[in-house]
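Derivation of every value follows stated rules applied to the coordinates shown; laboratory data play no part. For clarity, every value in this text was computed on a predicted model and none was experimentally measured. In this analysis, Cβ positions are derived from the backbone assuming ideal geometry, glycine residues included, and neighbour counts consider all displayed protein chains.
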Ligand code: PRP
Ligand code: URA
């Protein structure tokens with residue numbers, strides 16, 4: 001699929017396996033989500049444009065590349081997406097941070113919006129939406145709809161685990177955005193949980209039940 005990227009790096013795969021383990025506690029789970037976000041962000045930002053700048057080293061002046069003036073935004077889907085923000089900011093510390101609050105209706109599994117706030121000039125920014133789980137794809141589709149309604153044009157979506165159903169739905173709804181997946185799992189169960197998955201990402205990051 002064009003614009004869909006599967007992460008095959010051994011470090012990402014190893015850390016995802018640790019995340020899946022039901023015995024992994026909150027503290028370790030949170031650290032792993034952050035580390036995976038760093039590794040995925042490293043791949044996802046491969047296409048950021050560079051420009052040559054003049055720098056004086058202790059030896060001499062030279063022309064050398066730096067990230068061009070592109071404005072960046074990170075937008076976690078609350079709550080679980082919050083766990084990935086610090087990892088992305090490790091790579092691009094000057095990025096602005098927006099928030100999109102969605103929860104899945106327990107019966108219909110469709111997303112319900114409760115909070116949305118994006119940085120200004122969103123139309124000029126590379127917007128990186130983060131959420132560890134892409135299950136039915138309803139939350140991701142709604143988040144990208146919202147960002148586009150506000151003017152967002154260049155959008156990347158990063159998830160740690162995807163179900164085929166969610167990946168297809170998001171790609172069909174928004175073929176123009178780049179989707180990065182840590183791992184593609186088998187599918188969804190009757191409660192729209194990813195199998196084998198890792199359980200409820202928000203609960204595991206925040207230690208709730
Ligand atoms: C989880 C997850 C995604 C969503 C994925 O959030 O973090 O946002 O489900 O499911 P979908 O692809 O079927 O929409 P949840 O609604 O459980 O909220 P939480 O992060 O606050 O726990
Ligand atoms: N949200 C989660 O946190 N986990 C799933 O498996 C599906 C949706």
Scan region 115-162 for residues that are more than 16 Å from ligand 2 (Cβ to nearest atom) and under 14 Å from residue 101 (Cβ atoms) and report the count.
6
Could you tell me how many of the residues in region 63-83 are touching a helix residue (DSSP H, G or I) at 6+ places or on another chain (Cβ under 6 Å) and more than 13 Å from ligand 2 (Cβ to nearest atom)?
3
Within region 6-24, the residues that are touching a helix residue (DSSP H, G or I) at 6+ places or on another chain (Cβ under 9 Å) and either assigned to a helix (DSSP H, G or I) or under 19 Å from residue 81 (Cα atoms) (or both) are 7, 11, 12, 15, 16, 18, 19, 24
Only one of these conditions is not met by residue 122: (1) surrounded by fewer than 16 Cβ atoms within 10 Å (Cβ to Cβ); (2) more than 9 Å from ligand 1 (Cβ to nearest atom); (3) over 15 Å from the mean Cα position of the chain (by Cα). Which number is it?
(1)
When the residues of region 163-201 are filtered to those that are crowded, with 20+ Cβ neighbours inside 10 Å and within 9 Å of ligand 1 (Cβ to nearest atom), which remaining residue is farthest from residue 11 (Cα to Cα)?
170
Residue hits (region 128-162; assigned to a strand (DSSP E or B), more than 9 Å from ligand 1 (Cβ to nearest atom) and touching a helix residue (DSSP H, G or I) at 6+ places or on another chain (Cβ under 8 Å)) are 128, 129, 130, 155, 156, 157, 158, 160, 161
